[in-house]
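So the structure is just underneath, and the comments pick up after that.
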Amino acid sequence: MDDMRLRVYPDPVLREPTLPVTEFDEAFRERIEKMVRIMHERDGVGLAGPQVGWSRQVAVVFDGEKNHVLVNPVIESTGGEQEGDEGCLSFPGIFTKVRRSKEVTVRAMDEYGKERTLSVEGFIARAFLHEIDHLNGRLLIDSMSPLKRSLLRKKMRRLEKDEEM
Ligand SMILES: [Zn+2]
């Protein structure tokens, strides 16, 4: 499990079910720190466990000022609607329009197992919902039209081949 590195679609781990976190020890916090590092190295605004091959209910989100750690997150309520372009570190260079709630209230633990409720809106609500989707195996590609999806599949296969060469 020291093998935490960014996983790119179609890596099967992105679809695997995630387990809740029950132990909040130093090793756990080190892994969270590593996720935060990987997120910042790639200029991402969010990263979920499966994206680094870690099938746990863990995500980090950077709001431009601070890092949020979401462990075992549960969506309590949502409101409003927003539509905007969304990217994902597991789909490098890809952006697609996604319709989401404008506001969301999430109950989640921090890296010490302390539970709190976070209410966010706009861009950060989008990021929270995107990362929680990852924990349920839902990916950016699932929001695309069938045509866009098949073009993307071709593009990702080409990228894979390039890496092999
Ligand atoms: Zn993503």
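The rows are residues; the columns are (1) of a type in the set (S, T, N, Q); (2) within 14 Å of D110 (Cβ to Cβ); (3) without any contact (Cβ under 8 Å) to a residue 12 or more places away in the chain.
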| site | (1), (2), (3) |
| --- | --- |
| E41 | no, no, yes |
| D63 | no, no, no |
| N67 | yes, yes, no |
| V71 | no, yes, no |
In the stretch 7-42, residue surrounded by the most Cβ atoms within 10 Å (Cβ to Cβ) [restricted to those that are part of a loop (DSSP other than H, G, I, E, B) and among the aromatic types (F, W, Y)]: Y9
Subset tally (residues that are within 13 Å of the ligand (Cβ to nearest atom) and within 18 Å of V106 (Cβ to Cβ)) for the stretch 51-60: 2
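Of everything in the stretch 106-129, what is part of a loop (DSSP other than H, G, I, E, B) and either of a type in the set (K, R) or at pLDDT below 95 (or both)? Give them in sequence order.
K114, the sole residue that qualifies.
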Residue check, V71 within 16 Å of the ligand (Cβ to nearest atom) and not polar (S, T, N, Q): no
Hey, D85 acidic (D, E) and under 14 Å from the mean Cα position of the chain (by Cα) or not: no
Subset of the stretch 88-101 [surrounded by fewer than 17 Cβ atoms within 10 Å (Cβ to Cβ) and either under 23 Å from E41 (Cβ atoms) or within 14 Å of the ligand (Cβ to nearest atom) (or both)]: P92, G93, F95
Where a residue in the stretch 130-142 is outside any helix (DSSP H, G or I) and its partner, wherever it lies, is more than 8 Å from the ligand (Cβ to nearest atom) and charged (D, E, K, R), with Cβ under 6 Å and at least six apart: G137/R15
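The values are calculated or read from the model by the stated rules, or taken from the named source; none is laboratory data. Remember, predicted model here, so these are calculated numbers, not experimental data. Glycine gets a Cβ as well: all are built from the backbone with ideal geometry, and neighbour counts include every protein chain shown.
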